[in-house]
Structures are given as structure tokens and as C-alpha cells.
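One structure below.
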Amino acid sequence: MNSDEKWSRRRAVEVHDETADGFFAEYRGDNIFDSPFRYGRHFIDRAWVRCVSQLPHGATCLDIGCGVGAHMARLLDQGFEVTGIEPSAEMRRLAAKNVPADLVSDGSVLQLPTPDSSIDFVYAIEVFRYLDTRDNAQGHREIVRVLKPGGIYFGTYVNKWALDGFRQLSQLRMLARRVTGAPRRYHVEFETPSSLCDKLRAAGFSQVKAQGAMFAPLRVLHKLSPRLGAAASRLTMAHETWLSDHGPFRPFAGHLIIIARR
Ligand SMILES: C[S@@+](CC[C@H](N)C(=O)[O-])C[C@H]1O[C@@H](n2cnc3c(N)ncnc32)[C@H](O)[C@@H]1O
């Protein structure tokens, strides 16, 4: 393991210990237009719900990086068997407010404490983005290992060319930090739909499909003015499928969603 790898793994957890309360608060809010987090999550949720609707009754589910347990609680309500893996102690503390604490274990996608071919549905929402390329590959192989044949994987990633300019901004920040010596906050792994699909096939997934979600410039508008962001979100809402998931536009969406089977 090189030192950069160690750093990205460690920061992926530390940054969530630092921000866990903010996540908990976002999930408590119900207006999707006044928060780019909730607006983006609305579309991730829509795709996630479609996967859940394909599961057999009582299916076994694994939430990787389950955070405050919001998705686990929904699966439990619907009668599914669900467990979560969460390396951040603060996130686990808050997850215990949403689901029974013994359903969430400390652990990592890099070494899942789960038997081979035992899970119908594995999902990792906004997790792989914090890990570097080698850890992404290792985590994907672990998911293939624990999924039953035909089992479903749902994951979200960061689009390299998202129209909010996140990657370009990150590069500028990195440059500024090199000059000032200020530390980087965490690693961001950027992907394109086609190269990510190739990586997932190489890890052993089949029927890999990429989906774009959220018209990314909304994030910039929200930063400029929350009222402007909210007003623009109301306008884009009805056109999201076209703006974010229409073939040529997919690489520019704010979220990159993967749905695959073992
Ligand atoms: C942005 S949060 C998302 C939480 C939750 N999935 C959600 O959508 O609300 C990312 C989560 O990944 C967790 N995480 C970080 N490194 C991880 C690893 N190696 N394995 C599994 N989860 C990890 C973090 O602790 C954090 O809770």
C-alpha cells in the first residue's frame, strides 16, 4: 500500500466523522429545491427505488458506507433483510437513530465481512468517489464476490466532465495548495461513463448500465444565490431525464449512477 492510498482511505473516513451531523440534517430536510444535495439525491433515489422494485420478497441487501442509515431504514420498512458497513464512528452513532445498531458494522468495502454469493442487492451511494483507483477496483471485486449470481449492484460516482466544473475547481485548488502548503481535504475519484463501465466489466459485473442524474450547473447557481438555485431547480426538474441522462449529455451530469448485475 503506498502512502497516498493510506491517506485517501483515512481521509474518506475522517471527513465523514467531521461532517456526519450535516448529513443527518440534510436527510431530515424535505424541500428538494432548496438544497442541491437533496435535489441530486432525489434522482439517485428514483433510480435506487427502481432497483429495489426488482428484488424478490425478503431479499438480502448490503449498504456499503451506509452513513446515517437512511436507505437501510427504508428497506427494513419494506421487509427486506439489510445490513450496513460503515467505517466512520460518527456516522454509525447517527445510524443508530434510524436503524438497530447491531445491523451496522465497522468495516470497509475493501474487505467485506460477508460470505461469497450471499447478497441479492448491494448498493454504495457516494462512497467510491472518496477512494483511489486501486481501491475502487478492489472494492468492486469485493462486491462481485458477495453478490449472488444475478444479484444487483447500484453505485454512484463523480462525473469527470460534470458541468458544475468540480474537477477543474479541484485542480485549481490542488495547485493553490501546492503553493501555500495547505493540506488537501480528501481524495476525489473522477470517472467517465464509458471507462467506468469498462472497469466494472473487468471486475466481473455484467449488464452494466450508466445513468446520468442532476443538471450539474444548478450547484453553481445555488452557490451564487440559494433563491436562484431553487428557482432554476423548479424549472429543470421536468426536463432532468433529457438534461442529464440523454446519451450525449450523460458525461456532464452532476451524478453518475451505475446499475449492474453479477
Ligand atoms: C458521502 S457519505 C454517503 C453515506 C450514505 N451512503 C448516503 O448516501 O447517505 C460516504 C460514506 O462512505 C463511508 N466510507 C468511507 N470509506 C469507506 C470504505 N473504505 N468502505 C465503506 N465505506 C466507506 C464514509 O464513512 C461515509 O459514511
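Only residues that are over 17 Å from Ser8 (Cα atoms), away from the ligand (no atom under 13 Å from the Cβ) and not aliphatic (A, V, I, L, M): list them for the range 114-142, please.
Pro115, Asp116, Ser117, Ser118, Asp120, Phe121, Arg141
Here are some residues: Arg93, Arg38, Arg11, Arg46. Which one is of a type outside the set (Val, Ile, Thr), within 21 Å of Gln211 (Cβ to Cβ) and either touching a residue at least 60 places away in the same chain (Cβ under 8 Å) or touching a strand residue (DSSP E or B) at 6+ places or on another chain (Cβ under 9 Å) (or both)?
Sole residue among the options that is of a type outside the set (Val, Ile, Thr), within 21 Å of Gln211 (Cβ to Cβ) and either touching a residue at least 60 places away in the same chain (Cβ under 8 Å) or touching a strand residue (DSSP E or B) at 6+ places or on another chain (Cβ under 9 Å) (or both): Arg46.
Inside the range 118-136, can you point out the residues that are more than 16 Å from Met72 (Cβ to Cβ) and either touching a helix residue (DSSP H, G or I) at 6+ places or on another chain (Cβ under 7 Å) or assigned to a loop (DSSP other than H, G, I, E, B) (or both)?
Correct list: Ser118, Phe128, Tyr130, Leu131, Asp132, Arg134, Asp135, Asn136.
Please specify each residue of the range 147-183 satisfying the condition of being outside any strand (DSSP E or B) and either open to solvent by less than 10 Å² (accessible area, probe 1.4 Å) or touching a strand residue (DSSP E or B) at 6+ places or on another chain (Cβ under 9 Å) (or both).
Lys160, Trp161, Ala162, Phe166, Arg167, Ser170
Table: residues versus (1) buried (at least 16 other Cβ atoms within 10 Å of the Cβ); (2) charged (D, E, K, R); (3) farther than 24 Å from Asn31 by Cβ.
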| site | (1), (2), (3) |
| --- | --- |
| His42 | yes, no, no |
| Val49 | no, no, no |
| Ser53 | no, no, yes |
| His57 | no, no, yes |
| Cys61 | yes, no, yes |
| His71 | yes, no, no |
| Gln78 | no, no, yes |
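What are the residues in the range 193-217 that are assigned to a loop (DSSP other than H, G, I, E, B) and open to solvent by 30 Å² or more (accessible area, probe 1.4 Å), if any? Give the steps one after another, and end with the answer.
Step one: list which residues in the range 193-217 are assigned to a loop (DSSP other than H, G, I, E, B), which gives 204-205, 214-216.
If the condition is that a residue be assigned to a loop (DSSP other than H, G, I, E, B) and open to solvent by 30 Å² or more (accessible area, probe 1.4 Å), then Gly204, Phe215 are the ones that fit.
Considering the range 19-35 alone, what residues qualify as being in a helix (DSSP H, G or I), touching a residue at least 60 places away in the same chain (Cβ under 8 Å) and open to solvent by 40 Å² or more (accessible area, probe 1.4 Å)?
Asp21, Phe23
Can you pull out the residues in the range 92-117 that are part of a loop (DSSP other than H, G, I, E, B), within 18 Å of the chain's Cα centre (by Cα) and crowded, with 16+ Cβ neighbours inside 10 Å?
Across the range 92-117, the qualifying residues are Gly107, Val109, Leu112.
Somewhere in the range 225-242, is a residue free of Cβ contacts under 8 Å to residues at least 60 places away in the same chain, in contact with a strand residue (DSSP E or B) (Cβ under 6 Å, 6 or more places away or on another chain), among the polar types (S, T, N, Q) and open to solvent by 50 Å² or more (accessible area, probe 1.4 Å)?
Among the residues of the range 225-242, not one is free of Cβ contacts under 8 Å to residues at least 60 places away in the same chain, in contact with a strand residue (DSSP E or B) (Cβ under 6 Å, 6 or more places away or on another chain), among the polar types (S, T, N, Q) and open to solvent by 50 Å² or more (accessible area, probe 1.4 Å), which makes the answer no.
The values are calculated or read from the model by the stated rules, or taken from the named source; none is laboratory data. What you see is a predicted model; the values in this text were computed from it and never measured. All Cβ positions, even for glycine, are placed from backbone atoms using ideal geometry, and neighbour counts span all protein chains on display. SASA here: full protein model, heavy atoms, side chains in, ligands and nucleic acids out. Shrake-Rupley method; radii C 1.70, N 1.55, O 1.52, S 1.80 Å.
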